[in-house]
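Q: Pasting a structure below so you can have a look.
The values are calculated or read from the model by the stated rules, or taken from the named source; none is laboratory data. The structure displayed is predicted, hence computed values, not measured ones. Note: ideal-geometry Cβ built from the backbone for every residue, glycine included; neighbour counts use all protein chains shown.
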Amino acid sequence: MRFASRISVAARQRQLVVRSMVRQLARPIDIVPAETVRDSTGLALSSRNGYLSDAQRTKAAQLYAVLSKLIDAARSGRTNWGSLERDARDSLSALGWQPDYVAIRRRSDLREASAGEPLVALAAAKLGGTRLIDNLEF
């Protein structure tokens, strides 16, 4: 059986969990990920966006912007992941968000990252009463 799904916000975590379950249960299922669909501001399209007010929806693009800035810093040679993560959390907090986490991890298994391997930046933060999650690969 082949199962294709449109992967959206923070799909990396869910995808790894589902892949593990399929493997453990020995199910004949192929997981086929797809790119995150975003609006013109970079906001990942998600059903959670329906919980945002118009003002919050405009502000929600800040999550993508903060992750993009984190990746730019990493690509410029900064490899102190803890410092980059802390800076991103602080940026979100200063913008009025309540961050749960910002992390840089290996793409393959979300374990601790090392420079020179495919990475992903992950974040979860509340904007008002809505918890938004996003990820960007680099």
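Q: If a residue has to be farther than 17 Å from Lys59 by Cα, polar (S, T, N, Q) and either buried (at least 17 other Cβ atoms within 10 Å of the Cβ) or modelled with pLDDT of 95 or more (or both) to count, how many in region 114-134 make the cut?
A: Initially, region 114-134 is screened for residues farther than 17 Å from Lys59 by Cα, giving 114-122.
Then keep just the ones that are polar (S, T, N, Q); that gives 114.
Imposing the further condition that a residue be either buried (at least 17 other Cβ atoms within 10 Å of the Cβ) or modelled with pLDDT of 95 or more (or both) reduces the set to none.
Qualifying residue count, region 114-134: 0.
Q: Could you please let me know if Val32 is β-branched (Val, Ile, Thr), more than 22 Å from Asp109 (Cβ to Cβ) and modelled with pLDDT of 70 or more?
A: So Val32 does not fit the description; no.
Q: Quick one: count up the residues across region 69-99 that are surrounded by 14 or more Cβ atoms within 10 Å (Cβ to Cβ) and either free of Cβ contacts under 8 Å to residues at least 24 places away in the same chain or within 15 Å of the chain's Cα centre (by Cα) (or both).
A: 12
Results for (1) surrounded by 15 or more Cβ atoms within 10 Å (Cβ to Cβ); (2) within 14 Å of Leu132 (Cα to Cα), shown as yes or no for each residue.
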{"site": "Ala34", "(1), (2)": "no, no"}
{"site": "Val37", "(1), (2)": "no, no"}
{"site": "Leu45", "(1), (2)": "no, yes"}
{"site": "Ala55", "(1), (2)": "no, no"}
{"site": "Ala61", "(1), (2)": "yes, yes"}
{"site": "Leu67", "(1), (2)": "yes, yes"}
{"site": "Arg106", "(1), (2)": "no, no"}
{"site": "Glu112", "(1), (2)": "no, no"}
